[in-house]
Amino acid sequence: SVSAFRLSGVHHQKLMDICLTCIIFLGCGVYLLVQMIRFIFADADFTLLWAARFGSKPEVAMRGKVVWITGASSGIGEELAYQLAAAGARLVLSARREEELRRVKQSCLVGAFNASLQARKYPFTRFLLFFPPHHSSHPSERSTLEEKDILVLPLDLLDRASHPAKARAVLQHFSNVDVLINNGGRSQRSLCVDTDMEVYQGLMDLNYLGTVSVTKQVLPHMTHHGSGIIATVSSISGLAAAPLSTGYCASKHALQGFFNTLRSELTDYPDISVIMICPGPVVSQIVQNAFTEQPDKPVSSAGDQMHKMTTERCVCLILAGLSNRVKEMWIAQQPFLLMFYLWQYAPTLAWYMTNMLGKKRVQNFKAGLLMDPIRTRHTSESPRNGAGGQVDGGRKTRSRCVTGVGGGRS
């Protein structure tokens, strides 16, 4: 009877081990299924989504901060101004078009923010998946900022000799700069074989050297005080290849390399954060202002942007990342978000997909079609010269009072 009892105990222990193993495997399966569903509906990397849901909120982290925004006259910069004003941040608005900057300032002061219903949607499925709500300023909200809290500072990124004086003007007005958001720039839509060297020179001077120049004026101030945030709007093109944007990709890759290296040089200043913002396709006018084969030749058609992420949502995520000092943000809807992860973790597969989609994109461009391989339709323009598609996030405008994303025109 004793041996039978022992045998029964052994069988019972084995049964318990099997049950425990099954529970572990079942739990892992459920976890992977939930993560897969979350990824399908995600519009940013999981680190950023987690920060947006559970981290510090912009109205807490940004209240009272001095934020200098370049490219603030439209698009991402304009919307950043609106949402930061709603959060109580003091602003420096810079771009070339002073009249547009004053319009943005007035809208910030009166609280005339255009919060679309889409930006305030919070579906039950997103609640279950721990996705953050779309924080956007309500139209009825009034800004608490005063006239002196917003400085309009016209700035030309190409005029690097003027940047020291511009930085001194900011410090004279506010005494400090807590956050610098490098957001100015232009995109490109042309084949390399047809593009003048002046276009490449212009892209590097504006997108890269202009951004570096402004950063160098602010950096000594931040190192002196030992704190600050330097955020730069890059693009998915700063991490991956985007056909018809050789110069634009080069300038964004240069920004990635510069600021990632700068971050490593600032390890003695743990309270200074260097942040890269990498949006995918976002509703904007960056394509309309893009370089083509020649410096002064405009893009003929920007195409349909209905499939792109709204600028409101993109800026909401950007502010969540800034508030929680996320070092690099990937912001895009599917299938573009998938490309971020493929380039990071499966580059061979990413190259295959890029070449496949790139071939179709170039064919559309040569045939005079809108370049987007997802939504292709004819335009009334002639082949090659009449192609104007849309690709990754720029930082242009969407409408008068909306949020923006990406790197656009200053």
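Things to note:
- Per residue, segment 299-369 exposes 43 Å² of solvent-accessible protein surface, assessed with a 1.4 angstrom probe and all protein chains in place.
- If R0 equals 41 Å, the separation of the Cβ atoms of L26 and N355 corresponds to a calculated FRET efficiency of about 0.55.
- For segment 145-285, the solvent-accessible area with a 1.4 angstrom probe is 37 square angstrom per residue.
- When each of the peptides 334-345, 89-100, 11-22 is scored by the mean number of other C-beta atoms lying within 10 Å of its residues, the order from highest to lowest reads 89-100, 334-345, 11-22.
- Note on K327: aspartates and glutamates with a C-alpha under 14 Å away, same-chain residues under 8 apart excluded, are D45, D271.
- Among 242-251, 204-213, sorting by the average number of other beta carbon atoms lying within 10 angstrom of each residue, highest first, gives 242-251, 204-213.
- Carbon/sulfur fraction of accessible area - segment 167-268, other protein chains in place, 1.4 Å, %: 55 percent
- Each peptide in 278-289, 256-267, 148-159 gets a packing score, the mean of other Cβ atoms within 10 Å over its residues, and the list from highest to lowest is 278-289, 148-159, 256-267.
- Full-extension gain in nm, I18 to Q363, via 0.36 nm per residue minus C-alpha separation: 118.5 nm
The values are calculated or read from the model by the stated rules, or taken from the named source; none is laboratory data. Quantities reported herein were computed from a predicted structural model and do not represent experimental measurements. Every residue, glycine among them, receives a Cβ derived from its backbone with ideal geometry; neighbour counts consider all protein chains shown. Ligands, DNA and RNA are excluded from the accessible area calculation, which covers all protein heavy atoms including side chains. Shrake-Rupley method; radii C 1.70, N 1.55, O 1.52, S 1.80 Å.
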